[in-house]
Structure formats: C-alpha cells, structure tokens
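Engineer: Pasting in a structure now, in structure tokens, and then I'll have a few things to ask.
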Amino acid sequence: VHGKVIYPSRGKGDLVLPLHTEKRQSKTRLKYCYAGSLFTGDFAPMLDQVSYFIGKQHGELHVFSYWNKELLSKYPNLNADHVTFHPFMHATSLMKKMNEEMDVAILLNSFLYELPFRYNFSSKLVDYVSAGLPVFFWGPASSGSILWALEHGYDAVVVSEDSAQVANMLSMFLQEEKRFAWANRIRELGVKEFSYEKNHETFINAIMGS
C-alpha cells in the first residue's frame with residue numbers, strides 16, 4: 001500500500017503564539033498542563049503518577065478534561081491540592097491560556113492499548129506546538145505521536161512504564177535552558193509539519209500523482 005500521511009493541523013489562519021519558557025507568577029512553581037481524555041485506557045493512572053512527581057517538585061498540574069468524582073476517587077494524586085481541573089474549552093482559548101500561564105505540556109500515549117496507538121496521532125500536540133510550550137511525552141515508542149518525536153530527534157520522551165524514568169525526565173524540566181531548548185525544538189518541528197499549507201500541499205500532490 002502506498003500513500004501519504006496527513007497529520008492533524010492548525011486551521012487556515014490560526015495563530016502560532018510566541019515561545020515563553022520563564023516560570024510564571026511564582027518563581028518557584030512550574031505549571032504543567034494536560035489537555036485530553038482521562039477515560040482512555042491507562043491515561044488516568046499515568047497522569048496520577050505524573051501528578052505525584054509534580055507534587056514532589058512543588059509544581060502545579062492543570063488538567064483540561066472531562067472528569068467525574070468516581071474516576072478521581074481512585075487516584076489520590078489527582079485529588080491533591082496542587083491539581084486544578086478545568087472544563088474543555090475552545091482550542092483558541094486553550095492555546096491562549098497555555099501560552100500565557102503554563103510552562104510545560106504533557107502528552108500521554110497508552111501502554112495498555114499499544115497496538116491501536118500505533119495508528120493514533122494525538123491532535124493536542126498541534127495545540128501544544130502552537131501555544132509555544134515544551135512537551136513531555138510518555139508512552140510506548142511505537143505509538144504515533146511518540147514515534148514522530150523520536151524520529152525527529154526530540155528527546156523529552158519516556159518510552160518505559162518505569163516511574164523512575166518519568167521522575168527523572170520531569171526533573172529536567174526544572175532547568176530553564178532545557179525548557180527553552182525543547183520548546184524551540186518542538187516548535188521547529190511542528191510549526192510546518194502541522195500547518196494547513198503543508199497538509200493542503202500533501203493532499204493535492206497525492207491526488208495529482210495518483
């Protein structure tokens with residue numbers, strides 16, 4: 001089978017916001033954000049582990065997702081004082097809030113559903129790139145988004161379920177120079193890859209070549 005891959009993309013005319021990597025408001029607390037489902041496979045227990053290590057850093061976790069009390073009752077680190085839940089919001093508003101208030105974005109891919117995630121590409125990565133944030137990836141190396149990051153040399157990635165590796169990688173985000181390097185790298189990779197123009201060109205070329 002021959003074909004061309006079209007990744008998720010920004011809409012025509014959507015803004016790409018400036019990079020910010022300095023700590024916001026309180027100089028001692030990093031603000032991490034996660035936007036996406038908590039009901040997919042092992043996402044909730046994975047985010048619970050991430051939240052534990054963010055708490056150890058005295059950081060904050062901001063979750064933009066649907067949730068319910070029954071789900072959260074199973075995960076004590078998602079009920080901690082450093083965690084704030086926000087309702088889903090329009091992508092434009094979400095990107096603005098992330099750009100102005102957050103420091104690091106979190107992207108999870110499922111270990112439990114590793115096989116189907118080989119054919120999944122997380123559209124939230126487009127928003128994270130547009131918001132100008134460094135991205136922490138966690139999931140199997142075979143999953144679509146993480147494979148893309150690894151193939152392009154982006155290394156703020158954990159591909160093991162080993163919590164020690166997660167803790168170590170999250171600790172590296174405390175270094176401002178690391179955050180800037182990762183934010184800049186993911187922006188360089190994604191700003192063109194996830195553009196309307198790139199997808200339009202890929203689509204037209206595929207049609208004309210068929």
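The values are calculated or read from the model by the stated rules, or taken from the named source; none is laboratory data. Model, not experiment: these values are computed from the prediction. Glycine gets a Cβ as well: all are built from the backbone with ideal geometry, and neighbour counts include every protein chain shown. SASA here: full protein model, heavy atoms, side chains in, ligands and nucleic acids out. Shrake-Rupley method; radii C 1.70, N 1.55, O 1.52, S 1.80 Å.
Engineer: Skipping prolines and chain starts, which residues have an amide H placed within reach, meaning under 5 Å, of the one on residue 83, given they are 5 or more residues away or on another chain?
Structural biologist: Result for residue 83 returns 61.
Engineer: Rounded if a/c is under 1.5, else prolate if a/b is larger than b/c, else oblate: which is the range 87-184, with a ≥ b ≥ c the root eigenvalues of its Cα gyration tensor? Show your work: numbers first, answer last.
Structural biologist: On the way: a/c = 1.80, a/b = 1.20, b/c = 1.50.
Note, shape of the range 87-184 comes out oblate.
Engineer: Of 96/178; 31/96; 69/96; 69/97; 97/124; 31/56, which pairs sit farther than 18 Å apart, going by alpha carbon to alpha carbon?
Structural biologist: Details: 96/178 22 Å; 31/96 15 Å; 69/96 28 Å; 69/97 25 Å; 97/124 14 Å; 31/56 13 Å.
Too far apart for the 18 Å limit: 96/178; 69/96; 69/97.
Engineer: Order these peptides, 32-42, 173-183, 131-141, by their mean beta-carbon neighbour count within 10 angstrom, highest first.
Structural biologist: On the way: 32-42: 19.5, 173-183: 16.3, 131-141: 23.7.
Taking the mean over residues of other Cβ atoms within 10 Å, the ranking is 131-141, 32-42, 173-183.
Engineer: In whole Hz and in residue order, list the ³J(HN,Hα) couplings for the range 165-171 that follow from phi through the Karplus curve 6.51 cos²θ - 1.76 cosθ + 1.60, θ = phi - 60°; x for Gly and Pro.
Structural biologist: 5, 5, 4, 5, 5, 5, 5
Engineer: Still on this structure, I have one more. To the nearest 10 Å², what's residue 118's accessible area with a 1.4 Å probe?
Structural biologist: 120 Å²
Engineer: Still on this model: Just how far, in whole angstrom, is the range 28-78 from the range 92-128 if you go by their alpha carbon centroids?
Structural biologist: Computed from Cα coordinates, the inter-centre distance equals 13 Å.
Engineer: So, one more: Go through 86, 58, 152 and list them by solvent-accessible area, largest first, probe radius 1.4 Å. Walk me through the numbers on the way to the answer.
Structural biologist: Values: 86 30, 58 125, 152 60 Å².
Order by accessible area, largest first: 58, 152, 86.
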